Amino acid sequence: MDNKTLLDKLNSLSIEEKIGQLIQLTGDFFEGDMDTVVTGPLKKLGLSSSYNVYNTGSILNITNPEKIIRLQTDYLEKSVHKIPLLFMADIIYGYRTIFPIPIAQACSWNYEGIEHAASVAARECYEEGVHVTFSPMVDIVRDPRWGRVMESPGEDTLLAKKYAQSVVLGIQGRNLESTAVPANKIAACVKHFAAYGAPVAGREYNAVDMSEHALREYYLPGYQAAIEAGAKLVMTAFNTLNGIPATGNEWLNRDVLRQEMNFDGVLISDYAAIEELIMHGYAEDEASAARLALLAGVDVDMKTAIYANQLKNVISGNDHMLELLNEAVYRVLKLKNDLGLFEDPFRGLQEIVKLSTSSILSDEHKKAALSLAEESVVLLKNENVLLPLSKDTKVALMGPYAEENSTLGMWAIKGEETDTVNLKTGLLKHVDSAHLTVCRGAYMMPVHARENLGKYADKLAAETIDEEVLLQQAIQNANEADVIVLALGESIYQSGEGGSRTNLTLPEPQLKLLHELSLLGKKIVLIVYSGRPLILTDVAEKVDAIVQAWYPGTMGGEALANVLYGEVNPSGKLAMTFPRSVGQIPVYYNELNTGRPNLKENGSYRFASRYIDEVNEPLYPFGYGKSFTSFEYSLLAVSPKKMKTNESVDIRISVSNTGTYDGKETIQLYIRDKFASVARPVKELKDFKKVFLQSGETKIVEFSIDEDMLKFHGRGMEYKSEPGEFEVYIGSSSQEILLSFSFIFLPEDKHE
Ligand code: GLC
């Protein structure tokens, strides 16, 4: 539809019909006769009985193609203006083919792979009638107590930007010349705007307080990258930001998002977040909540009655509010137009449903999930090169994750555990049962702690065998084996939204099992399933190898087995720091130096930035990950050592695979701005290259540092570079710096 027709359509709507386009409801509002709807969901949500569901603009989390066809057909028959419904859903890291959780994907540092994963998810969504997905989530996180680490890109701004861009391009396609969303693609919604990943104390939905400098320097660039990649929607965050709820924050959503970031798409609230303005103590009542949200630029009210019940009164007689309403409705209609819904409200779904072919869970999609899972696991320890295992090794596989299919994470709403390849199945693709015994060994978590999971406790596998029996079986299997592969971790329900934790160690029953096994003198490979960095400090000393599995998705067990038996050389690098203790949190790589850095040469000098009961360093730093092989770097050339405006420092290094396995290495380039108008981090990731090297192979790797990489937000929030000396660190992690040198940036006008 051309824009004039779209505007005519907008102007033909009554106030009620306009407001209806801003309402998002769930599918139950469209099931059964009107009386059922009015006395049921309408009443339950507090919607006025006069609300006409056939004015509604969009539906949340209906993903069944036949149901979508039925709902859309019924809606179009009964609605006056025949404006098709939008169907939106939480497809965060896969539809039916589930990829590793985003924090795991971030550890692959493979952004082509991440983009492809998003394109697979979009294709499967398209084939089932979903129009919009609430992905990517790009909230930077430095606090693993927060449950939603699992769906985040980790702690680093550059990786968040790369993740945001890759996922949006994968979901929507790469043709930024046109606003139309092509076939096999859907619309992306970046979230949660903004800084939801920094709640005080890591406690879910808690307040977020930070300087504008920190917000702009570290947290906003990820959302900006998604918008520059063309994201069609942004979702507001639940949290307050410096005292003002994001969903009612006019500065954040209009000045920053719309004006500065140049976002002209749909801003949708998070679930019930408009109504929560009242609970925040920011809106006095529902009418105030409606007014504040509309003034703050929120277009769509997800699953509350506020806009539907209040906007008409809030707008009456107020031309400015009417103008804001029209703008909001126009953005919703434009989104529908970009998706081609006016030409085809089903986006080809009726034909697709008739076709027997579907790409869902295709071999190609599963292969993509396998490949990304293989690159997402991180080898954290490998004492005496215990890994890879040889196939004639007798392995005792044990632990609650030994044959657990619930490894998809909390945001895999269409994932089926029955599709999952678990670890046992994966290992049996490499060895026969003569080389593999399997037992549970321990409960997933203490029985008393299950109640903390509320309704999710019922989803946990039942623990039907006495713990002592489990333990004795484990000890027996261990004694009969050469190596123990211990698959432990937090339940997926201890992670995700509402999954904040204060104790980040492995669950107590699993620690008991690990301790007992460590007394047997057997080699132990620990596989850790988690949605966040756990505190592994104590367990790391008791095992010989550690593989961080995260929640690896549909093909996770096969990916892990391929790594354990050396078919794949692990290449994952941590996208988030693993603390030594909860007391260190937040601990992250790009910290400030302070006026009294805790220098090694100071020993235990008291008056330095340190703890008296713990070191400052994490257990495993950002960017860390081992390989079965080894790599050596050497610096070949750096020029110029004095960089002027519009110049770049060109760096050539050679990287050699000095081990016996082929492998991939992610060479990381960090810079340090030695002094500036604001204190700058001790290092910042500015580039990286992931390269494959055969055993014995050497490759030339080149980097180029340009002025953009030196820019930061100054005292007045201006984003600029400043002249001065810069250190460059090139390494295999943020701590393992293998090459370093410095250069001077001297803009043209500074030359004497
Ligand atoms: C949830 C989440 C958000 C999700 C939305 C819709 O509470 O915060 O990420 O997209 O509601 O399910």
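Here are some notes:
- Cα-based convex hull, the chain, per residue volume (Å³, whole number): 178 Å³
- Shown for region 378-564: the carbon plus sulfur share of the solvent-accessible area, taken with all protein chains present and a 1.4 angstrom probe, equals 47%.
- Shape box of region 378-564 [Cα atoms, principal axes, largest first, Å]: 43, 31, 30
- With every protein chain in place, region 3-355: carbon and sulfur % of accessible area (1.4 Å): 50 percent
- Relative contact order for region 378-564: 36 percent, from Cα pairs under 8 Å spaced at least 6 residues apart, divided by residue count.
- For the listed peptides 611-622, 96-107, 312-323, 440-451, a ranking on the average number of other beta carbons within 10 Å per residue, highest first, reads 96-107, 440-451, 611-622, 312-323.
- Accessible surface computed residue by residue for region 378-564, with neighbouring protein chains in place and a 1.4 Å probe, gives 37 Å² per residue.
- Look at the Cα gyration tensor of region 3-355: its axes a ≥ b ≥ c give a/c of at least 1.5 with a/b at or below b/c, and that counts as oblate.
- Each Cα pair of region 477-611 feeds into the Kirkwood radius, which the Stokes-Einstein equation turns, at 20 °C and 1.002 mPa s, into a diffusion coefficient of 124 µm²/s.
- Highest average first, the peptides 700-711, 126-137, 410-421 ordered by how many other beta carbon atoms sit within 10 Å of their residues are 126-137, 410-421, 700-711.
- A simple spin-label model places the labels of residue 642 and residue 49 8.3 nm from each other, with each point 7 Å out along Cα-to-Cβ.
- Local electrostatic count, residue 189, Cβ distance below 10 Å [Lys/Arg +1, Asp/Glu -1]: +1
- Taking all protein chains into account, the per residue accessible area for region 617-752 stands at 44 Å² (1.4 Å probe).
- Here the calculated FRET efficiency for residue 697 and residue 386, from their Cβ-Cβ distance with R0 = 30 Å, stands at 0.75, rounded to the nearest 0.05.
- The gain in end-to-end length when the residue 654 to residue 287 segment is fully stretched comes to 125.7 nm, 0.36 nm per residue minus the alpha carbon separation.
- The distance separating the Cα centre of region 419-452 from that of region 602-655 comes to 38 Å.
- Computed over protein heavy atoms with a 1.4 Å probe, the carbon and sulfur contribution to the accessible area of region 631-745 reaches 47%.
- Solvent-accessible ranking of 285, 301, 544, largest area first, probe 1.4 Å: 285, 544, 301
- Whole-number accessible area per residue in Å² for region 128-242, which is evaluated in the context of all protein chains at 1.4 Å: 25 Å²
- Computed over region 3-355, relative contact order equals 19 percent, with contacts defined as Cα pairs under 8 Å that lie 6+ residues apart.
- Taking 0.36 nm per residue of separation and subtracting the Cα-Cα distance, full extension of the segment from residue 706 to residue 678 would add 8.1 nm.
- Fraction of beta bridges assigned by DSSP in region 3-355 that are antiparallel (%, nearest 5): 10 percent
- Solvent exposure, largest accessible area first (probe 1.4 Å, DNA, RNA and ligands not counted), of 264, 33: 264, 33
- The spacing between region 84-120 and region 331-396, judged by their C-alpha centroids, is 7 Å.
- Extension gain for the segment residue 469 to residue 522, taken as residue separation times 0.36 nm less the Cα-Cα distance, is 17.1 nm to one decimal.
- Calculated FRET value between residue 567 and residue 416, using beta carbons and R₀ = 35 Å, to 0.05: 0.85
- Each peptide in 235-245, 642-652 receives the mean, over its residues, of other Cβ atoms within 10 Å, and ordering these scores from highest gives 235-245, 642-652.
- Calculated FRET value between residue 12 and residue 279, using beta carbons and R₀ = 35 Å, to 0.05: 0.40
- Each part reduced to its alpha carbon centroid, region 249-298 and region 15-29 end up 17 Å apart.
- The chain - share of DSSP beta bridges that are antiparallel (%, nearest 5): 55 percent
- Distance between modelled label sites at residue 687 and residue 213, nm, 7 Å Cα→Cβ extension: 2.8 nm
- Across region 419-432, computed HN-Hα scalar couplings (Karplus, 6.51 cos²θ - 1.76 cosθ + 1.60, θ = phi - 60°) run 7, 6, 8, 8, 5, 4, 4, x, 5, 5, 7, 10, 9, 8 Hz from first to last residue, x flagging Gly and Pro.
- Rounded to 5, the percent of DSSP beta bridges in region 189-317 classed as antiparallel: 20 percent
- Placing 607, 263, 342 in order of accessible area, with the largest value first and a 1.4 Å probe, yields 607, 342, 263.
- Relative contact order of the chain, pairs being alpha-carbon contacts under 8 Å that are 6 or more residues apart, as %: 13 percent
The values are calculated or read from the model by the stated rules, or taken from the named source; none is laboratory data. These figures come from a predicted structure and were not determined experimentally. All Cβ positions, glycine included, derive from the backbone under ideal geometry; neighbour counts span all protein chains shown. When the accessible area is computed, the model is the full protein with side chains, heavy atoms only, and any ligands, DNA or RNA have been set aside. Shrake-Rupley method; radii C 1.70, N 1.55, O 1.52, S 1.80 Å.
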